[in-house]
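The values are calculated or read from the model by the stated rules, or taken from the named source; none is laboratory data. A quick note: this is a predicted structure, and the numbers were derived from the prediction, not measured. Heads up, the Cβs are rebuilt from the backbone with ideal geometry, glycines too, and the neighbour counts pull from every protein chain shown.
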Amino acid sequence: MNVLFAITTGILFGLGAFQLLRRDLIKAAMGFYILFTAINLLFLAVGAFDGVVPAYSTSVAGGKTPSDPLVQALLLTAIVISFGSYAVLLGLISISSRRYRTVDPDSVDQLKK
């Protein structure tokens with residue numbers, strides 16, 4: 001299971017970085033979202049204790065050791081912060097595309113002074 005988390009997280013980080021390097025603001029925003037998802041998956045993988053993912057941990061009486069609840073709190077906080085920052089990013093892209101009528105940052109030459 002750890003190998004699956006590592007491979008998936010690595011692929012998501014690579015795909016997110018590739019999308020960030022594109023010259024389109026919409027694709028860059030998609031890259032940010034993919035990176036946020038990779039970070040959340042990394043938190044989930046790091047929080048696994050003896051192969052038990054925090055969301056599926058049971059009590060000690062159930063036979064499995066419980067996982068650390070701090071990871072669950074950090075994961076929930078990271079999800080909320082990523083949604084908020086993604087909403088702000090999409091708002092900025094929307095305003096920029098309406099004002100300059102393009103999503104290509106190279107064609108916006110009013111920013112150069």
Over region 15-38, the set of residues over 22 Å from Pro105 (Cα atoms) and of a type outside the set (A, V, I, L, M) is Phe36, Thr37
Could we say that Thr8 is modelled with pLDDT of 80 or more, surrounded by 12 or more Cβ atoms within 10 Å (Cβ to Cβ) and among the hydroxyl-bearing types (Ser, Thr, Tyr) here? yes
Contacts under 9 angstrom Cβ, first residue in region 85-113 being over 20 Å from Arg22 (Cβ atoms) and polar (S, T, N, Q), partner modelled with pLDDT of 85 or more and surrounded by 11 or more Cβ atoms within 10 Å (Cβ to Cβ), 6 or more apart: Gln110/Tyr100
